[in-house]
Amino acid sequence: VLKDIWSALWNPRNLGQRKREGREFSDEEVEVSVQEVVSAEASGVVLTRDIASGARVQTTMKSSEIGAGDLEKIRRAAGALDDFFGYGLEVRFALSKGKLTIVEVRPLARENSQDSPASAIIMESHGP
């Protein structure tokens, strides 16, 4: 599968598109992420900053299903990631038997900020 993904970079359609757009072939990269499947008891998303203003906010909770100790782990991890990157993040996590797994981290999107919550919220859901 990995071979197929990497070879797609050099298929005729992609080569033609890069040529039409004037992009250098040597500038192109393909990234493949492989991650373990986590059977989570709870999972969710933490927004580390206010979407509209970009200001850091206190993480609040929408559900009481995540214990206080786990919530503190999530807050510390999200805060450390925000400190490291230096900008707002959307941090996806999973909890299984007290172990916190960060599943994905990406820059906080600011599109549609009028419809977005003004504070960082952990949205909780249950795994299998």
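Test ARG13 against the stated conditions and say whether it is open to solvent by 60 Å² or more (accessible area, probe 1.4 Å) and either over 28 Å from GLY86 (Cα atoms) or over 23 Å from the mean Cα position of the chain (by Cα) (or both).
Criteria met by ARG13.
Going by what's in this entry, would ARG18 be described as open to solvent by less than 60 Å² (accessible area, probe 1.4 Å), more than 27 Å from LEU81 (Cβ to Cβ) and modelled with pLDDT of 80 or more?
yes
Taking segment 1-10 on its own, how many of its residues are of a type in the set (A, V, I, L, M) and open to solvent by 100 Å² or more (accessible area, probe 1.4 Å)?
Here is the first cut: in segment 1-10, the residues of a type in the set (A, V, I, L, M) are 1-2, 5, 8-9.
Imposing the further condition that a residue be open to solvent by 100 Å² or more (accessible area, probe 1.4 Å) reduces the set to 1.
Qualifying residue count, segment 1-10: 1.
Among the numbered criteria (1) over 30 Å from ILE5 (Cβ atoms); (2) at pLDDT below 90; (3) outside any loop (DSSP other than H, G, I, E, B), which single criterion is violated by GLU65?
Looking at each condition in turn, GLU65 falls short on (3).
If we scan segment 82-94, do we find a residue that is open to solvent by 80 Å² or more (accessible area, probe 1.4 Å), modelled with pLDDT under 65 and part of a loop (DSSP other than H, G, I, E, B)?
No.
Every residue in segment 31-43 that is surrounded by 12 or more Cβ atoms within 10 Å (Cβ to Cβ) and either farther than 19 Å from GLU104 by Cα or touching a helix residue (DSSP H, G or I) at 6+ places or on another chain (Cβ under 8 Å) (or both), please. I'd like the intermediate steps shown before the answer.
Within segment 31-43, the subset surrounded by 12 or more Cβ atoms within 10 Å (Cβ to Cβ) is 38, 40-43.
Within segment 31-43, ALA42 is the sole residue that qualifies.
I'm checking my understanding of the structure. Among residues of segment 67-81 that are of a type in the set (A, V, I, L, M) and in contact (Cβ under 8 Å) with a residue 24 or more places away in the chain, which one is most open to solvent (accessible area, probe 1.4 Å)? Walk me through it before giving the result.
Taking segment 67-81 first, the residues of a type in the set (A, V, I, L, M) are 68, 71, 74, 77-78, 80-81.
From what's left, in contact (Cβ under 8 Å) with a residue 24 or more places away in the chain: 71, 74, 77-78, 81.
Details: LEU71: 20, ILE74: 6, ALA77: 26, ALA78: 4, LEU81: 41 Å².
Here the answer is LEU81.
The values are calculated or read from the model by the stated rules, or taken from the named source; none is laboratory data. All of these numbers come straight from a predicted model, not from anything done at the bench. Every residue, glycine as well, gets a Cβ built from its backbone with ideal geometry; the counts of neighbours run over all protein chains shown. Accessible surface is based on the protein model in full, side chains and every heavy atom, while ligands, DNA and RNA are left aside. Shrake-Rupley method; radii C 1.70, N 1.55, O 1.52, S 1.80 Å.
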